1. Can you work out which of the residues in region 39-75 that are outside any helix (DSSP H, G or I) and aliphatic (A, V, I, L, M) is surrounded by the most Cβ atoms within 10 Å (Cβ to Cβ)?
2. Determine whether Arg36 is surrounded by fewer than 17 Cβ atoms within 10 Å (Cβ to Cβ) and under 21 Å from Asn139 (Cβ atoms).
Amino acid sequence: MKRVMFGNIKLPAKIEHLDGILQFVKDCARDEGFSRQRISNIELATEEALANVCRYAYSGDCGDIEIRCRTDDDRRLIIDIVDAGKPFNMLTLAEPDLTADISKRELGGLGVLLIRKMVDGIQYSRKDNKNILTFILSNREKRDMSHS
């Protein structure tokens, strides 16, 4: 079983660190031969998840975000986003009702919808008091962004 670990980066969960973390993720995707468009999708999904950790995970306390990038046997890019903040499994959120009148829609959920559309697979686990959000990305374009 051949798996390649690109490495990891761990920084305080602060918005000002997002650029450095995103550059690390983009470099990993580029090194695996992902297209510019696909890297943009990866960056968008990762940025949304990281921003949520920065804003909500630690409730005003200090904490870190760790990103681990690796590939699997199918040469998919696997990105783990790890934080020790309060438990949060985005997979349990219902998709927002985009057909409802905008004034009657519930707040939130659009970022999670965006993430679901940009990546091929998402997993969540809680281990050792840490959230581990995993994105699975194949090296192909997502064809239909409205149905996945």
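Taken together, the values in this text are just the output of simple stated rules run on the coordinates, not laboratory data. Everything quoted here is computed from the prediction, not taken from an experiment. When we count neighbours, we look across all protein chains shown, and the Cβ atoms used for this are built from the backbone with ideal geometry, even at glycine.
1. Applying the filter and picking the extreme gives Ile65.
2. Yes.
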